[in-house]
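The values are calculated or read from the model by the stated rules, or taken from the named source; none is laboratory data. This one's a predicted model, so the numbers in the text were calculated from it and none came from an experiment. Cβ sites come from the backbone with ideal geometry, for glycine too, and all protein chains shown count toward neighbours.
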């Protein structure tokens, strides 16, 4: 544990997280502490009291998801061609917005691509 703390403190000084890349993107920095420099996502662990909380991974804002086309069809990774019958919308699809502008920002694209998928399916 001492090495983990030492590594994090080094990252906080340089602003570069070599292990998990926290704060590498504007998306990450948006939720950081603007008073912490040089990286608002990294603060040294050097002043008590210390607290800990359990954090479980979730599927929101992960930059993950499958690539889709304008009909919400999932594209094969090998050749970017649609996989017949497979559609993805919302957080199951790769983000279409360059950053997360705020609450509800995933709803509009999910509704739009849900409509596009239904329209495409109904034309078959």
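For the stretch 84-124, how many residues meet the condition of being closer than 11 Å to residue 65 by Cβ and loosely packed, with under 14 Cβ neighbours inside 10 Å?
Residues meeting the conditions: 1.
Being in contact with a helix residue (DSSP H, G or I) (Cβ under 9 Å, 6 or more places away or on another chain) and in contact (Cβ under 8 Å) with a residue 60 or more places away in the chain narrows it down to one residue among 100, 30; which is it?
Of 100, 30, the one residue that is in contact with a helix residue (DSSP H, G or I) (Cβ under 9 Å, 6 or more places away or on another chain) and in contact (Cβ under 8 Å) with a residue 60 or more places away in the chain is 100.
Any residue at all in the stretch 20-37 that is under 20 Å from the mean Cα position of the chain (by Cα), at positive phi and surrounded by fewer than 15 Cβ atoms within 10 Å (Cβ to Cβ)?
Yes, the conditions are met somewhere in the stretch 20-37.
Residues in the stretch 56-70: is at least one exposed (fewer than 10 other Cβ atoms within 10 Å of the Cβ), at pLDDT 95 or above and under 18 Å from residue 97 (Cα atoms)?
Yes - at least one qualifying residue is present in the stretch 56-70.
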